[in-house]
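The values are calculated or read from the model by the stated rules, or taken from the named source; none is laboratory data. Nothing here was measured: the structure is a model prediction, and the numbers come from that model. Heads up, the Cβs are rebuilt from the backbone with ideal geometry, glycines too, and the neighbour counts pull from every protein chain shown.
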Amino acid sequence: MDETVAEYIRRTVLKIPRDEIKMMLQKWDFLSEAQLQTLNFHQIKDNISQEVVQLCEENSADIKQAAVLDIIYNHIYQNKRMWSVYQMRKTGEELEYFDLTDFKKKFKRRLRSALKNVTITFREYEDNAIWIRVAWGTPYRQPNQYKPSYVVYHSQTPYVFIAASVLKSNLPLLCQALIVASNYHEIREMELRSHCLNSLKDIVFKRYSQNFQTYCPKPLQGRTVEPESVDLRIIHENKSEKERIQRLNEEAFGNGPQPILQFAQYKLETMFKSSPEMAVLDKKEPFRCLVKFSSPHLLESLKSLGPAGMADAPLSPLLTCITQKARNYFRIREKKGLFPESFVSP
């Protein structure tokens with residue numbers, strides 16, 4: 001077994017929590033049950049990793065098997081990476097039969113026609129998700145296995161999720177391979193990013209509880225909005241105001257749990273306005289500022305602002321439209337048209 005493969009397997013095992021190593025090796029299914037029985041999982045991880053490498057040497061492991069173990073680890077710990085959402089489009093709306101074998105063949109052929117030194121590994125999961133791992137090299141260097149790109153594609157959907165350690169020059173190659181393999185014609189970044197891959201899927205697949213287009217406000221006659229634990233000695237004032245805030249919150253966020261996003265970013269461009277005779281500014285450049293809201297669970301934090309009395313209800317559409325527009329990057333400009341306008345990276 002190649003020394004670089006052995007070292008990569010060893011480092012991957014070291015990343016796994018000790019009480020999960022056996023489970024992950026079983027999912028890998030490269031070592032036999034008899035070989036797993038020989039491992040002592042109660043010793044320090046460094047010794048476990050060395051023993052795993054020895055067993056892999058017996059089985060003549062190569063970089064393909066090592067890459068599969070890496071995908072398994074990243075599938076379980078997918079929230080350690082920042083995921084970006086891309087949307088593909090085609091000219092017609094017809095549905096085509098998806099052939100996984102054909103998809104893999106086209107993806108590999110397209111990518112390797114542009115870059116010879118590249119490692120491509122696939123793994124399918126039960127939710128029709130295809131995980132793709134791409135380790136990038138150069139015309140003169142072997143692929144760097146420690147900085148791969150991860151792609152998650154759900155067949156029969158136009159959405160792709162990418163966690164990329166990829167040079168700008170390689171990203172177009174990756175996108176071209178995706179649209180060729182999946183029979184689409186173009187791809188664009190949606191300006192939607194998060195560490196929580198499942199929440200991104202909930203947003204683009206509309207699997208969250210949100211009432212932007214279907215919720216019809218109704219008067220809350222006879223309805224009491226109170227905390228679960230009520231002290232009868234407390235007299236609630238402004239009861240109607242609490243009901244109003246609750247209603248507006250349901251209109252904006254629905255009544256279910258929110259997808260997990262860690263931030264929302266707004267770039268503002270505005271012009272200084274004054275009469276010509278004042279000549280306050282010589283340059284007519286716009287003022288620019290960046291506002292970023294961040295939280296371990298941003299949408300739930302925003303949802304709690306009104307009921308907690310920390311913000312007026314309703315919240316600004318700039319904050320409540322995140323899931324509706326499926327993006328958390330915005331650029332706000334002074335011009336006619338849609339407001340806010342999506343921020344597009346250069």
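Laid out as a table, the results:
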item: Single unsatisfied condition, Arg133 versus (1) in a strand (DSSP E or B); (2) within 27 Å of Arg327 (Cα to Cα); (3) over 17 Å from the mean Cα position of the chain (by Cα); (4) basic (Lys, Arg); result: (3)
item: Conditions (1) crowded, with 18+ Cβ neighbours inside 10 Å; (2) modelled with pLDDT under 85; number of the one not met by Ser229; result: (1)
item: Counted residues, the stretch 116-143 - those being buried (at least 16 other Cβ atoms within 10 Å of the Cβ) and polar (S, T, N, Q); result: 2
item: Filtered residues of the stretch 158-185 (kept if without any contact (Cβ under 8 Å) to a residue 40 or more places away in the chain and β-branched (Val, Ile, Thr)); result: Val166
item: Options Leu173, Leu248: the member that is assigned to a helix (DSSP H, G or I), modelled with pLDDT of 90 or more and surrounded by 11 or more Cβ atoms within 10 Å (Cβ to Cβ); result: Leu173
item: Subset of the stretch 79-115 that is at pLDDT below 90 and more than 25 Å from the chain's Cα centre (by Cα) - its residue that is surrounded by the most Cβ atoms within 10 Å (Cβ to Cβ); result: Glu96
item: Top-ranked residue of the stretch 144-165 - restricted to ones that are over 27 Å from Tyr97 (Cα atoms) and surrounded by fewer than 17 Cβ atoms within 10 Å (Cβ to Cβ), ranked as nearest to the chain's Cα centre (by Cα); result: Ser165
item: Helices (runs of 4 or more DSSP H) completely within the stretch 31-128 that count 2 or more residues being touching a residue at least 24 places away in the same chain (Cβ under 8 Å); result: 45-58, 63-76, 100-114
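Here's the yes/no breakdown for (1) touching a helix residue (DSSP H, G or I) at 6+ places or on another chain (Cβ under 6 Å); (2) under 13 Å from Met88 (Cβ atoms):
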{"site": "Leu100", "(1), (2)": "no, no"}
{"site": "Thr121", "(1), (2)": "yes, no"}
{"site": "Pro143", "(1), (2)": "no, no"}
{"site": "Gln156", "(1), (2)": "no, yes"}
{"site": "Ala164", "(1), (2)": "no, no"}
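Residue by residue, here is whether (1) under 33 Å from the mean Cα position of the chain (by Cα); (2) surrounded by fewer than 18 Cβ atoms within 10 Å (Cβ to Cβ); (3) of a type outside the set (Gly, Ala, Ser); (4) at pLDDT 95 or above holds:
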site: Ile16; (1), (2), (3), (4): yes, no, yes, yes
site: Met23; (1), (2), (3), (4): yes, yes, yes, yes
site: Lys27; (1), (2), (3), (4): yes, yes, yes, yes
site: Ala34; (1), (2), (3), (4): no, yes, no, yes
site: Asp46; (1), (2), (3), (4): yes, yes, yes, yes
site: Val52; (1), (2), (3), (4): yes, no, yes, yes
site: Ala67; (1), (2), (3), (4): yes, no, no, yes
site: Asp70; (1), (2), (3), (4): yes, no, yes, yes
site: Tyr73; (1), (2), (3), (4): yes, no, yes, yes
